[in-house]
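First comes the structure, then the notes that go with it.
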Amino acid sequence: MKSLTKLFSNNYLRALLAIFAITTSQVSTASVCIFGQVKEVGNWINTNVQPNDVTQVIITEECKTKVVRVDNGDGTTTQTTHTYIQHYVEMWKSCWSGNCNWGKVAAAIDSDGSGLVFSFDHGYGVHRGVATIWSGGDNWLGFLMTYNFTGQPSSSTFVWLSRQ
């Protein structure tokens, strides 16, 4: 009985060490992405919806990994792995049926670091947006959409959204 207990303890200990080693390696890989650096991430609601306004925006972030292979020209390749944070904007807008989901698109940090930029391409025009946290606090998001319908002059709308 003592040897069975000893065997169980050793195997149990090995299993715990293996789980620890796997968890530790996964954590160290995943820790390259540092979330929470972009204040615009969150669920945002327009509390003063007018006809044809943006009604809701959800901004998320995901840790992504990209493998880049470079041909060295001598029959060998070099492989580099890049880990980065990808931001996404999902938007709803008031429409004839109530609340239309425009979908989810990738977003990038604006070149001056002041917010996120993104675009929706619906085939009949490309609509560009900028989401910027209000400088007076983290609970308001300024949301500018510029609508570029094919064959028509562009128009813009700006709404304030509150954090939910």
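The values are calculated or read from the model by the stated rules, or taken from the named source; none is laboratory data. In this text, all values refer to a predicted model and were calculated from it rather than measured experimentally. Cβ coordinates were reconstructed from backbone atoms using ideal geometry, including for glycine residues, and neighbour counts include every protein chain displayed. SASA here: full protein model, heavy atoms, side chains in, ligands and nucleic acids out. Shrake-Rupley method; radii C 1.70, N 1.55, O 1.52, S 1.80 Å.
Structure notes:
- Residues satisfying the stated conditions in region 76-115, i.e. among the hydrophobic types (A, V, I, L, M, F, W, C) and under 22 Å from Asn52 (Cα atoms): Val89, Met91, Trp92, Cys95, Trp96, Cys100, Trp102, Val105
- Single residue of region 31-50 satisfying the filter (more than 21 Å from Val105 (Cα to Cα) and touching a strand residue (DSSP E or B) at 6+ places or on another chain (Cβ under 6 Å)) that is modelled with the highest pLDDT: Thr47
- Selection status of Val49, among the hydrophobic types (A, V, I, L, M, F, W, C), part of a loop (DSSP other than H, G, I, E, B) and in contact (Cβ under 8 Å) with a residue 24 or more places away in the chain: yes
- Members of region 92-113 that are modelled with pLDDT of 85 or more and of a type in the set (Gly, Ala, Ser): Ser94, Gly103, Ala106, Ala107, Ala108, Ser111
- So Phe120, is it farther than 27 Å from Val32 by Cβ and more than 16 Å from the chain's Cα centre (by Cα): no
- Candidates Ile133, Ile85 - the one that is in contact (Cβ under 8 Å) with a residue 12 or more places away in the chain, of a type in the set (Val, Ile, Thr), under 25 Å from Val32 (Cβ atoms) and in contact with a Leu (Cβ under 9 Å, 6 or more places away or on another chain): Ile133
- Residues in region 76-104 that are under 30 Å from Arg163 (Cβ atoms) and loosely packed, with under 11 Cβ neighbours inside 10 Å: Trp96, Ser97, Gly98.
- In region 55-62, the condition of being modelled with pLDDT of 90 or more, open to solvent by less than 70 Å² (accessible area, probe 1.4 Å) and touching a Ser or Thr at 6+ places or on another chain (Cβ under 6 Å) is met by at least one residue.
- Count of residues meeting criterion [under 23 Å from the mean Cα position of the chain (by Cα), of a type in the set (S, T, N, Q) and more than 22 Å from Glu40 (Cα to Cα)] in region 66-98: 2
- Filter pass, Gly73 being open to solvent by 40 Å² or more (accessible area, probe 1.4 Å), of a type outside the set (Val, Ile, Thr) and at pLDDT 90 or above: yes
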